[in-house]
1. What list do you get for 28, 62 if you sort them by fewest beta carbons within 10 Å?
2. Over what distance in Å are the Cα centres of region 104-131 and region 163-178 separated?
3. Could you size up the charge dipole of region 143-223 around its Cα centre, putting +1 on the beta carbon of Lys and Arg and -1 on that of Asp and Glu, and report it in debye to the nearest 20?
4. I'd like to know which of 199, 54, 17 lies farthest towards the positive end of the charge dipole of the chain, counting +1 on Cβ of Lys and Arg and -1 on Cβ of Asp and Glu.
5. P(r) for the chain: what percent of alpha-carbon pairs falls in each 5 Å bin, starting at zero?
6. Using amide H atoms built in the peptide plane, which far-off residues or other-chain residues are under 5 Å from residue 78 H to H?
7. Can you give me the angle between helix 87-104 and the longest principal axis of the chain, using Cα atoms only, in degrees from 0 to 90, rounded to the nearest 10?
8. Can you pull a Stokes-Einstein diffusion coefficient for region 51-132 at 25 °C (0.890 mPa s), Rh from Kirkwood over Cα pairs, as a whole number of µm²/s?
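Since every read-out is calculated from the coordinates, none of them should be taken as a lab result. No experiment lies behind these values; they were computed from the predicted model shown. FYI the Cβ positions are ideal-geometry reconstructions off the backbone, even for glycines, and counts take in every protein chain you see.
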Amino acid sequence: YGPPGCGKTLLARQLALGLDAADIKLVSGPEVLNKFVGTSEERVRELFVKAEGAWKMAGEESGLHVVIIDEIDAICRERGTLKGDTSGVRDSVVNQLLAKLDGVQELGNLLVIGMTNRRELIDPAMLRAGRLEVHVHLPPPDAAGRGEILDIHTAKMRSSGLLDQEDWDDVRGLLVHETHGQTGAFLAGLVRTAASYAAQRCLSAQGVRDTFDSEVRPLDFKHA
């Protein structure tokens, strides 16, 4: 859990890949909801069908199945706190997911990962032991983390000569300082924007003027 753009989805995907999962299912919470009675609950059950079938056939020899639910707060709001046409549907979805998570203890081939920007909205029953019991906070990166993220996203520019290493060394510290509190997604966008400024500069009505003009310069990052 944590603010948008801090790498929750990336971490979940890499965890599943690192565990050599046989099946990875990624779903967005809002996609599960449907105003018609029974439809949303059926969609919840469908998330677990492959893992349940594989466990029934192969038992402990079954490969790992990973279910990743993004924006899980959309379907797991605390029961009884919502009003309107969808309140009953949402409460029923929470109950269905709780029933499935309780059944996970009987399946040795399933890992369920939920992601949210608003953990405080989730029904407390979802977060108890035996359900979604491991909670990992992903805050915006600190100064060292911001520097590493910027290095990663500028690596190809520097290796290809589009960004001079000395220029990067000059501007890197300033960027790290001025992006305090920003997310990894913001930093990636900043690098893309700087590259766009460089591309715009090197184009004229006649086309590309000069290879030197296509280089990404410190000023491009400052404009970004």
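1. Ascending number of Cβ neighbours within 10 Å: 28, 62.
2. Comparing the Cα centres of region 104-131 and region 163-178, I get a distance of 41 Å.
3. 300 debye
4. Working it through, the farthest residue towards the positive pole turns out to be 54.
5. With 5 Å bins starting at 0, P(r) equals 1, 6, 12, 14, 13, 11, 9, 9, 8, 7, 6, 3, 1, 0.
6. 123
7. 80 degrees
8. For these conditions, the coefficient is 180 µm²/s.
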